[in-house]
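Chemist: Here it is, the structure, as structure tokens.
Just so you know, all these numbers are worked out from the coordinates, no wet-lab data involved. All figures in this text were calculated on a predicted structure; none of them were measured in a lab. Because the Cβ atoms are built from the backbone with ideal geometry, glycine has one as well, and the counts that use them run over all protein chains shown.
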Amino acid sequence: MENKGPLFLQDIKRKRLKITPVQVIVLGYLAFAVLGTILLSLPFSLRPGTRLDFIDALFTATSAISVTGLTVVSTQETFSLAGKMILAFLLQFGGIGIMTLGTLVFVLRGNQVSLRERLMIRADQNQTTLQGMVMLMLFIFKIAIAFEILGSLFLTLHFWHSCQMPFLNALGMGVFHSISAFTNAGFDLFGNSLQGFGQDYVVQGVISLLLLAGAIGFPVILDVYSGIIAWRRQKKFKFSLFTKITTVTFAVLLAAGFVTVLLAEIPTSLAGVPWHQKISVAFFQSLTTRNSGFSTIDVSVFQGATLLFFCFLMFIGTSPSACGGGIRTTTLAVLVLSVLGALRGQTRVKVFRRELFQEDIMRAFIVFFVGVMLVFGAVIVLLAIEPFLLTEVLFEVCSAFGTTGLSLGITGKLSPPGKAIIIFLMFIGRIGIVSLLLLFQRRRSAEGYHFVKEHIIVGQ
């Protein structure tokens, strides 16, 4: 008889096999959040004379891992050079994903990526197929490094030459903000985000390009890259349905935010601002509100209508498989297309000469419903335990859920229970609602019978 080892080892192996790829990914992010908390709490990570409470260290680490950018302490005044480097690593790790770095290690070591690792990659990137997973991970890493190096180069030279910073200081600022921008984190070392660069269109332009690259979705970038290669080789190429829907939805939301800020704020907060700055503020805030949390103006001066629309944009978030959270742009697109199709009497959702799977439509409605419930529940609890207005709380909750990082100034004033709620929302925003639901999903069992169907009255 074959000896399979002690019974407790057999039990461990059986239990290990029961852990799903989604659970592995979630535990991985959780482990790095805890590790980041410990590292940021150590003396070498802090400036002399400063200290960091456990809840604040956990908040900062989770904000970095989830690439949110909400802060309860000043990054520049609290952390040393080592602490800022740890933050930059957490931003990089959280932005491109745990499996991107894991795949790179596998490839460099010459190991083959097994089926289980491919399943974890699919879970991490919220993909529906196993085809091309390794290629996608390597592409993400290459794209991230390329954009961050170029962004660091341009920002460093600009800070050094135009802003008269010492070279080493300019280099540190350039590298950190390039990583923060591409990963859509929104962490800054200036203390007031980018409000000091309201008319510096070089900084805004570089940051905007990095934000766009990190938010549009890595499969879209890969698709565009493949299209360019095919065009150069004079070959036919068709963009995927995902790329088309993502790009159109992203552009529509960007335009909607731009127009909303202009119409609502020109008579009020932007009344005395030059016309070119009005355009830059509207464009930049429309772009950054859905992903990074950088700001060239104090958002607390905006009108209530603008702030509520910002809440909507933050709730939507970025595209799938991108550096950001929220319910994602494709979810909104599927919801809108489903409603429009129902109004036209259509039983199937059609777009760009394609039909959507009923499974994807159902998933979109589930993600939207769970997202609304999470935001609604968090707002109710925070209003009960915190002395802030509804608009302030809703803005903070949507910012955390969408991993945006914008705030009306209440983040540092939250109580420990309030901070814990925001930490939870930031973490959920990073792993995604689909992963959250799959954590508790039971293994499917074959149903051998059906009950009689019966209609119920809905919506009237």
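Chemist: Above 36 Å lies some portion of the pair distances; for the chain, what is it as a whole percent of all C-alpha pairs?
Modeler: Values: 31581 of 105570 pairs.
Here the tail beyond 36 Å accounts for 30 percent of pairs.
Chemist: Which length gain, in nm to one decimal place, applies between Leu42 and Val259 when the Cα-Cα distance is subtracted from 0.36 nm times their residue separation? Walk me through the numbers before you get to the answer.
Modeler: Details: separation 217, 0.36 × 217 = 78.12 nm, distance 4.61 nm.
Going from the current span to full extension adds 73.5 nm.
Chemist: Further question: No other cysteine beta carbon under 4.7 Å away is the test; run it over the chain and list who passes.
Modeler: Cys with no partner Cβ under 4.7 Å: Cys163, Cys323.
Chemist: For segment 344-399, what mean projected area does the convex hull of the alpha carbons give, in nm²?
Modeler: Details: hull surface 23.0 nm².
Spelled out: convex hull of the Cα atoms, projected over all directions, averaged, 5.7 nm².
Chemist: Here is a follow-up. Listed highest first by mean packing, meaning other Cβ atoms within 10 Å per residue, what order do 87-95, 201-209 come in? List each step's numbers first, then the result.
Modeler: Working: 87-95: 23.4, 201-209: 18.9.
Descending mean neighbour count gives 87-95, 201-209.
Chemist: When the gyration tensor of segment 225-352 is built from Cα positions, what are the square roots of 5 times its three eigenvalues, in whole Å, from largest to smallest?
Modeler: Numbers: eigenvalues 198, 84, 35 Å².
Equivalent-ellipsoid dimensions as semi-axes: 31, 20, 13 Å.
Chemist: Report the one residue of Asn184, Leu40, Gly198 whose Cα lies farthest in the direction of the positive end of the charge dipole of the chain (charges on C-beta: Lys and Arg +1, Asp and Glu -1; origin at the Cα centre).
Modeler: Result: Asn184.
Chemist: Viscosity 1.306 mPa s, temperature 10 °C: Stokes-Einstein D of segment 220-269 from its Kirkwood Cα radius, in µm² per second? Intermediate values should be presented prior to the final figure.
Modeler: Working: Rh = 13.1 Å.
My calculation gives 121 µm²/s for D.
Chemist: Going by average Cβ density within 10 Å per residue, which order do the peptides 261-269, 33-41 take, highest to lowest? Walk me through the numbers before you get to the answer.
Modeler: Numbers: 261-269: 16.6, 33-41: 19.1.
Output ranking for 261-269, 33-41: 33-41, 261-269.
Chemist: Measure of size requested: the Rg and Dmax of segment 297-343, with Cα atoms as the atom set and Å as the unit; please supply both.
Modeler: Spelled out, the Cα radius of gyration and Dmax of segment 297-343 are 13.6, 41 Å.
Chemist: Report the full-extension gain for the segment Arg353 to Val248: residue separation times 0.36 nm, less the Cα-Cα distance, to one decimal in nm.
Modeler: Values: separation 105, 0.36 × 105 = 37.80 nm, distance 1.51 nm.
Roughly 36.3 nm would be gained on extension.
Chemist: State the extension gain, in nm to one decimal, for the chain segment bounded by Ile456 and Ile385, taking 0.36 nm per residue of separation less the distance between their alpha-carbons. Mind dumping the intermediate values first?
Modeler: Working: separation 71, 0.36 × 71 = 25.56 nm, distance 3.91 nm.
Taking Ile456 through Ile385 to full extension adds about 21.7 nm, to one decimal.
Chemist: Related question: Taking a ≥ b ≥ c as the square roots of the Cα gyration tensor eigenvalues, with a/c under 1.5 meaning rounded and otherwise prolate when a/b beats b/c, else oblate, which class fits segment 152-308?
Modeler: Numbers: a/c = 2.30, a/b = 1.23, b/c = 1.86.
It comes out oblate by the Cα gyration axes.
Chemist: Counting only C-alpha contacts under 8 Å and six or more residues apart, can you give the relative contact order of the chain as a whole percent? Mind dumping the intermediate values first?
Modeler: On the way: 679 pairs, mean separation 79.8, N = 460.
Dividing the mean separation by the residue count of the chain yields 17 percent.
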